[in-house]
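The values are calculated or read from the model by the stated rules, or taken from the named source; none is laboratory data. On a predicted model such as this, the values are computed, not experimentally measured, just so you know. Please note: Cβ atoms are built from the backbone with ideal geometry, for glycine as well, and neighbour counts cover all protein chains shown.
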Amino acid sequence: MPRIFIYVGLIALLCLLIPPAVIARVRATPNPNLPIHIIQDMDFQSKFKTQAVNPLFADRRTIRPPVQNAVARGETYVDGLLYEGVTDGAWTQTLPPQVPLTVATLKRGQERFNIYCSVCHGETGNGDGLVNKRAMELVANTNGPVNGTVWVTAKNLVHDETVTVQPVGQIFSSITHGIRNMAGYGSQIPVEDRWAIAAYVKTLQRSQNARPSDVPAGTTLAEAK
Amino acid sequence: MVQSRPASFLRTSQAVSRFLFPRWTNAILPFVLVVGAVAPLYAVMFVAYGFSPKTLEAGYMPHQPVPYSHATHAGKLGMDCRYCHNSVEQASFAAVPATQTCMNCHTQIHKDSPKLAKVRASYETGMPIEWVKVHKLGDYAYFNHAAHVNRGVGCVECHGRVDQMEEVYRVAPLSMGWCLECHREPVDRLRPVSQVTNLAWDQKKEMTREQREQLQKTFNIHPNENCSTCHR
């Protein structure tokens with residue numbers, strides 16, 4: 001047999017290893033290009049899904065922002081107690097009737113507080129959230145604040161007396177509209193959840209300022225645990 | 001080979017009929033048979049492996065208009081997924097947040113950073129930032145986020161360790177076969193609802209199989225394999 005046939009045969013065999021090697025590499029490396037979509041089926045339909053681009057509008061949004069001054073059903077905001085935390089011209093001391101004061105509400109408040117508030121205020125409310133810490137680092141940078149960062153330490157919600165004296169309605173209002181450097185969370189958190197958070201902040205203030213006298217009489221430490 | 005042909009090879013048809021394969025070609029015959037048998041197998045393997053969604057669809061990592069790092073926000077700063085994707089528990093989609101959500105912090109932190117120029121522009125003009133969708137399903141598939149996260153399917157099951165990604169990429173193939181893997185055998189993918197956004201938490205380490213089976217009972221999970229479950 002002429003040698004050339006043997007060599008060509010061996011090289012052809014080796015070449016067969018190239019496609020699997022290429023595929024293995026493609027599998028292992030992230031790729032910024034749009035995936036090759038071999039079988040199209042009906043994967044790409046001429047319809048607009050949530051948050052997709054719509055070239056017909058100037059802002060290219062598929063979801064249309066509401067027309068100015070439009071009022072959606074159920075969003076009249078006329079209930080001053082529920083939406084502003086105000087009753088008889090003063091901050092309410094109690095929760096509105098739509099949000100009952102139950103353990104479930106407080107648990108919900110705890111969960112929501114840990115999602116939205118603890119990033120700055122910390123999980124116990126004492127102001128040691130990780131974002132707050134990071135911002136303080138950026139401000140304290142030796143060559144000046146990084147990228148023009150300005151930051152006022154997040155409030156200690158449980159020990160700062162300007163906060164602890166606030167009625168629940170005022171805390172609700174601060175969450176909704178923001179206060180000083182804090183942005184309002186009215187658009188980000190549903191109204192019932194904001195009340196649950198406000199109630200939980202009051203709970204935190206109570207638990208973080210517990211005194212020996214709070215322990216029921218006759219209870220030993222071991223029992224309390 | 002050429003040497004064995006008669007000189008009159010090109011001139012008479014009679015000469016062609018006398019052409020014989022040289023004797024050494026007999027040795028090739030077994031190889032031809034082997035190649036004939038293996039070649040279709042190779043082709044099938046090539047298509048199955050190379051055209052699989054795990055090859056073509058997974059690993060998609062588009063560059064985003066703003067170099068937002070999930071590793072910094074969700075990882076280092078420990079922010080919950082729902083701080084930004086706050087529709088996930090009520091809606092079928094986990095919304096990409098409004099620019100306002102970015103500006104909750106970035107009116108103050110890194111407020112002059114050139115990386116945030118597009119965020120500031122969006123905040124001032126009201127024009128949305130055009131984030132690139134990473135996890136795209138076929139348009140005939142109606143996946144519902146709320147139905148999954150409210151019954152103990154963690155974000156990490158489909159999205160991977162986003163809290164460790166500088167740039168988000170598609171971990172899962174998002175193919176129908178891949179969906180069905182879990183719809184047929186959901187037990188190992190279930191966790192308590194309180195741990196749904198905790199990407200580092202692994203139910204296979206933290207819970208026993210019995211506990212997960214109990215979860216399935218508690219949540220009343222009987223995943224459907226009917227076409228109409230996802231295709232409408």
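Out of the stretch A:95-105, which residues are buried (at least 18 other Cβ atoms within 10 Å of the Cβ) and part of a helix (DSSP H, G or I)? Before you say what the answer is, go through the steps one by one.
Just the residues of the stretch A:95-105 that are buried (at least 18 other Cβ atoms within 10 Å of the Cβ), to begin with: A:95-96, A:99, A:105.
Within the stretch A:95-105, A:T105 is the sole residue that qualifies.
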How many of the residues making up the stretch B:95-137 are at the interface with chain A (Cβ under 7 Å from one of its Cβ atoms) and of a type in the set (D, E, K, R)?
3
Show the residue pairs meeting these rules: Cβ distance below 6 Å; 6+ apart or different chains; first residue within the stretch A:35-55 and closer than 21 Å to B:H63 by Cβ; second residue among the aromatic types (F, W, Y) and at pLDDT 90 or above.
A:P35/B:Y60
Can you say whether A:M42 is facing chain B (nearest Cβ under 8 Å) and loosely packed, with under 12 Cβ neighbours inside 10 Å, as far as the supplied structure shows?
yes
Please list, ordered by first then second residue, the pairs with beta carbon atoms under 8 Å, 6 or more apart or interchain, first in the stretch A:1-15 and part of a helix (DSSP H, G or I), second of a type outside the set (K, R) and modelled with pLDDT under 90.
A:F5/B:I28; A:G9/B:F31
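Yes/no matrix, rows are residues, columns are (1) among the small types (G, A, S); (2) without any contact (Cβ under 8 Å) to a residue 12 or more places away in the chain; (3) more than 30 Å from B:P114 (Cα to Cα); (4) outside any helix (DSSP H, G or I):
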{"position": "A:N132", "(1), (2), (3), (4)": "no, no, no, no"}
{"position": "A:M136", "(1), (2), (3), (4)": "no, no, no, no"}
{"position": "A:W151", "(1), (2), (3), (4)": "no, no, no, yes"}
{"position": "A:G169", "(1), (2), (3), (4)": "yes, no, yes, no"}
{"position": "A:R194", "(1), (2), (3), (4)": "no, no, yes, no"}
{"position": "A:A199", "(1), (2), (3), (4)": "yes, no, yes, no"}
{"position": "A:K202", "(1), (2), (3), (4)": "no, no, yes, no"}
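For the stretch B:201-208, indicate whether the set of residues that are in a loop (DSSP other than H, G, I, E, B) and either among the β-branched types (V, I, T) or not assigned by TED's automatic domain parsing to the domain that holds B:G152 (or both) is non-empty. Let's see the steps before the verdict.
Looking only at the stretch B:201-208, we keep the residues that are in a loop (DSSP other than H, G, I, E, B), and these are B:201-202, B:207-208.
This time we only want the ones that are either among the β-branched types (V, I, T) or not assigned by TED's automatic domain parsing to the domain that holds B:G152 (or both), so: B:208.
Yes - at least one qualifying residue is present in the stretch B:201-208.
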Inspect all residues belonging to the stretch A:18-25 and state whether any of them is in a loop (DSSP other than H, G, I, E, B) and under 30 Å from B:H135 (Cβ atoms).
no
Would you check if A:A21 is small (G, A, S), facing another protein chain (nearest Cβ under 10 Å), farther than 29 Å from B:G126 by Cβ and without any contact (Cβ under 8 Å) to a residue 60 or more places away in the chain?
no
If we scan the stretch B:217-229, do we find a residue that is within 20 Å of B:N150 (Cα to Cα), of a type outside the set (K, R), in contact with a helix residue (DSSP H, G or I) (Cβ under 7 Å, 6 or more places away or on another chain) and modelled with pLDDT of 90 or more?
no
